[in-house]
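Colleague: Just passing along the structure, written as C-alpha cells.
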Amino acid sequence: MGNLDVGNRVSGSTFLQGHVQRELEMAIGSKFVSLEPRELQEQASDWSWMSKYLQYKNLGVPAADFIVRPANTSEVQAIMRLAADYKIPVVPRGGGTGTQGGTFAPYGGIAMDLTRLDEIIDIDETSLVATVGAGIDGPTLESALNAKGLTLSHYPGSYHLGATIGGFVAARGSGVVSTKYGKAEDQVLQVEVVMPSGEVVTTMPVPSHAAGSDLLQTFVGSEGTLGVITQVAMRVDRIPENYGFLSFSFPDIFAGIEAGRLIMTNRLRPSVIRLYDEADSQKLKDWVGTPFTGTLMVVMCDGNQELIDYEMRSITKLVESAGGTSLGPDVGRIWWEGKYEPYAKGKLPQPPLLYGTFDTVGRFEALSRIYSAKKHAIETEFAEYGARYTAHLSHWYDWGAMIYDRFYVDNPPADPEEAMALHDRLWDVGVRAGIEAGGILNDHHGVGMKLGRFMRLQHGTGFDLMKSLKEAWDPDGIMNPGKLGFGPPSNSQW
Ligand SMILES: Cc1cc2nc3c(=O)[nH]c(=O)nc-3n(C[C@H](O)[C@H](O)[C@H](O)COP(=O)(O)OP(=O)(O)OC[C@H]3O[C@@H](n4cnc5c(N)ncnc54)[C@H](O)[C@@H]3O)c2cc1C
C-alpha cells in the first residue's frame, strides 16, 4: 500500500463535481458536456440589461457548473433523472434571447442547451399544425413552412437572434402580427414536457376541450420552472395572399388609443396596429427612416384583396372618427420592410446606457391611465437622472392592448452597485405605477429573475397557489430556481 498524501486529498465537492460530470458524459456523450468557463458564461447570459451590464463591466453573469446539450427527449430525461437524484438545479435555455435574466444560474448546477432538439417532426397540412423539437429557431422552421406555402405567423423582434419555439411558448411570447394571429400561447396546441423527476408528460393534441382544467396552459409561461419543454405543436397559417398598409397621425396618444379601441371592439382584425407616442415615433424615424414624427399609427391588413379592401375602408372610417388623419400607405410599408431594423447590430440599446422595457398590458378603460401614470412616475421621480420614457402600443386584443414602454437613463452612475440599484428602483416605480393604474406586469417578455419580486404584488394570494403547484411538481425546487419569484432550490446541497 502506498502512503496516502492527505494534503492532496480531493474535496467532497470536487469529487462530486467530477462524478456528476462523468455520469452526464455517460448519459449523452462527453462531446455534449462542457465545463468551459467562457461557454458557461455564454449559456447563462441573455439580453437583459443586467446581463449586458455585467458583461460590459467584466463582472460575469451567475453561471452554472455544467453545460449539457441533449439531442432528444430521452437524453433530456436521463439528465433530469440524474439532476433529481443529486438535487442539482437545471436551467433550460433556448436561444438565450430573453430579457429577464431567465437563463441566469444563481444557484449553479446544469445549464441545459436545447438547440439540438431542432427536428421538424411533422407538418400536418390538413390541420395546419407543425410539430417540432423545442429547440428549433424561428427562421429555420419558417423556411420549411414557406416551402409549403405556410407560415408560423410569429415574428418577434428577436427573430434573427436565435429565439426558439420552446422559448416562445415558455415565455408567452408575441410577434408583430399577434393582433390577428395571436401570441405563442394562442398558437400552441400541445407540448411534451420532461418533468423534474424525469417523467414525460404529453398534453392533449387539441387546446380546446372540456376534459378538466388545462395542463397545456400551466406549462405555457412557466419559463422552465415546472419542466423542460421538449416538443411543441403549433398552429400554422397559409402565407397571406396580399398586404395593405395604412398610417395615421393623431393630436395625442389618447386619440390614438381610442382609435385602436374602436378597431378592435368593432371586431376588425388587422394583423398589425402600432401606435407610437412622439418620442417613439422619433426613434422609429431614426432607425427605419419613416418620414414622420408625432403620434403615429401604422396599420397592416392581410389576406385576400377583398378582405383587405373592406378592412382598410372600415378602419379608416373608425380612425378618422377618433381624430386621426390619414398619412397614406407609405409609412406603413416602410415600417414593414424595416421591421427587424431596430434590432439590427449596433442599433439596440446597450450599456453604459441604462434601459428597461416594461411591456405592460391592460384593458382599454385603463390604457390612457397606465400610460400617463408611468410616464409621470419615470420622468418626475428620476428627473435628477434625466430619465426618459417612450412608448408604443403594438399588440391589441378584443379587450385592451399592450404598452411597450421603456425607460432610458443616458448617464447612470459609474459604480455597478449604484447603477444596479437605480435600475431596480426604476423598475419598482414603473411597475407599481402601472399596477396601481390597472395594468398587468407584462405582456410577452416573461418574468425571469428580474420581475420575480413583483409576482406576489401582481397575483396576491393566487401566487401562493402557484407556489404550491411548483412545490408539488418540483419538490426539490431544482427547475430553474430563482425565477418567477419561486426562490432557491428547497433541498439542494449543490
Ligand atoms: C432584440 C429583442 C427583441 C425581442 N422581441 C420580442 C418580441 O417581439 N416578442 C417577444 O415575445 N419577445 C421578444 N423578445 C424576448 C425573447 O426573444 C422572447 O422571450 C423569446 O420567446 C425567448 O426565446 P428563447 O428561445 O431565446 O428563450 P431563452 O431566452 O433561452 O429562455 C427564456 C426563458 O424560457 C426558458 N426556456 C427556454 N426554452 C425552454 C424550454 N424548451 N423548456 C422550458 N423552459 C425553456 C428559459 O429557462 C428562460 O427562463 C425580444 C428579445 C430581444 C433581445
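For every residue, the table says whether it meets (1) out of contact with any strand residue (DSSP E or B) (no Cβ under 7 Å at 6 or more places or on another chain); (2) modelled with pLDDT under 95; (3) of a type outside the set (Val, Ile, Thr).
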{"position": "Ile136", "(1), (2), (3)": "no, no, no"}
{"position": "Gly157", "(1), (2), (3)": "yes, yes, yes"}
{"position": "Leu189", "(1), (2), (3)": "no, no, yes"}
{"position": "Gly198", "(1), (2), (3)": "yes, no, yes"}
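Colleague: Go through the range 463-475 and give me each residue that's in a helix (DSSP H, G or I) and more than 15 Å from Ser222 (Cβ to Cβ). Break it down into steps so the answer makes sense when it comes.
Modeller: Within the range 463-475, the subset in a helix (DSSP H, G or I) is 463-473.
Within the range 463-475, Asp464 is the sole residue that qualifies.
Colleague: Now, a different point. Looking at the range 121-141 only, could you name the residues that are buried (at least 18 other Cβ atoms within 10 Å of the Cβ) and not hydrophobic (A, V, I, L, M, F, W, C)?
Modeller: Thr131, Gly133, Gly135, Asp137, Gly138
Colleague: So which helices (runs of 4 or more DSSP H) are wholly in the range 169-279 and hold at least 3 residues that are under 28 Å from Ser468 (Cα atoms), assigned by TED's automatic domain parsing to the domain that holds Gly135 and more than 11 Å from the ligand (Cβ to nearest atom)? Walk me through it before giving the result.
Modeller: Numbers: elements: 178-181, 184-187, 215-219, 253-265.
Ranges flagged: 215-219.
Colleague: Given the conditions (1) more than 12 Å from the ligand (Cβ to nearest atom); (2) out of contact with any Phe, Trp or Tyr (no Cβ under 9 Å at 6 or more places or on another chain); (3) on the phi < 0 side of the Ramachandran plot; (4) touching a residue at least 40 places away in the same chain (Cβ under 8 Å), report the number of the one that Leu128 does not fulfil.
Modeller: (3)
Colleague: Evaluate the range 182-201: report whether one residue or more is of a type in the set (Lys, Arg), over 23 Å from Asp113 (Cβ atoms) and more than 15 Å from the chain's Cα centre (by Cα).
Modeller: No, that holds for no residue.
Colleague: In addition: Just checking, how many residues over the range 300-350 are in contact with a Phe, Trp or Tyr (Cβ under 6 Å, 6 or more places away or on another chain) and part of a helix (DSSP H, G or I)?
Modeller: Residues flagged as in contact with a Phe, Trp or Tyr (Cβ under 6 Å, 6 or more places away or on another chain) and part of a helix (DSSP H, G or I) within the range 300-350 amount to 6.
Colleague: Hey, another quick one. Output yes when any residue across the range 145-153 is crowded, with 20+ Cβ neighbours inside 10 Å, more than 12 Å from the ligand (Cβ to nearest atom) and under 18 Å from Trp335 (Cα atoms), and no when none is.
Modeller: Yes, because at least one residue in the range 145-153 is crowded, with 20+ Cβ neighbours inside 10 Å, more than 12 Å from the ligand (Cβ to nearest atom) and under 18 Å from Trp335 (Cα atoms).
Colleague: I'd like the residue in the range 185-201 that is without any contact (Cβ under 8 Å) to a residue 60 or more places away in the chain and buried (at least 22 other Cβ atoms within 10 Å of the Cβ) and, out of all such residues, is nearest to Leu393 (Cα to Cα).
Modeller: Filtering the range 185-201 for residues that are without any contact (Cβ under 8 Å) to a residue 60 or more places away in the chain and buried (at least 22 other Cβ atoms within 10 Å of the Cβ), the one nearest to Leu393 (Cα to Cα) comes out as Gln187.
Colleague: For the range 158-167, what are the residues that are assigned to a helix (DSSP H, G or I) and closer than 20 Å to Ala344 by Cα?
Modeller: Tyr159, His160, Leu161
Colleague: I've got another one for you. Just to be sure I understand the filter: pairs with C-beta atoms under 6 Å, separated by 6 or more residues or on different chains, first member in the range 203-221 and on the phi > 0 side of the Ramachandran plot, second member outside any helix (DSSP H, G or I). Which pairs pass?
Modeller: Close Cβ pairs satisfying both conditions: Gly221/Arg172.
Colleague: For the range 68-83, what are the residues that are more than 24 Å from the chain's Cα centre (by Cα) and either without any contact (Cβ under 8 Å) to a residue 12 or more places away in the chain or surrounded by fewer than 24 Cβ atoms within 10 Å (Cβ to Cβ) (or both)?
Modeller: Passing the criteria: Ser74, Glu75, Gln77, Ala78, Arg81, Leu82.
Colleague: Of the residues that make up the range 122-131, is at least one within 21 Å of Gly446 (Cβ to Cβ) and not polar (S, T, N, Q)?
Modeller: Let us first name the residues in the range 122-131 that are within 21 Å of Gly446 (Cβ to Cβ), namely none.
Within the range 122-131 (the criterion being within 21 Å of Gly446 (Cβ to Cβ) and not polar (S, T, N, Q)), the answer is no, since none of the residues qualifies.
The values are calculated or read from the model by the stated rules, or taken from the named source; none is laboratory data. Fair warning: this is a prediction, and the values are worked out from it, not measured in the lab. Reconstructed Cβ throughout: ideal geometry from the backbone, glycine too, with neighbour counts over all protein chains shown.
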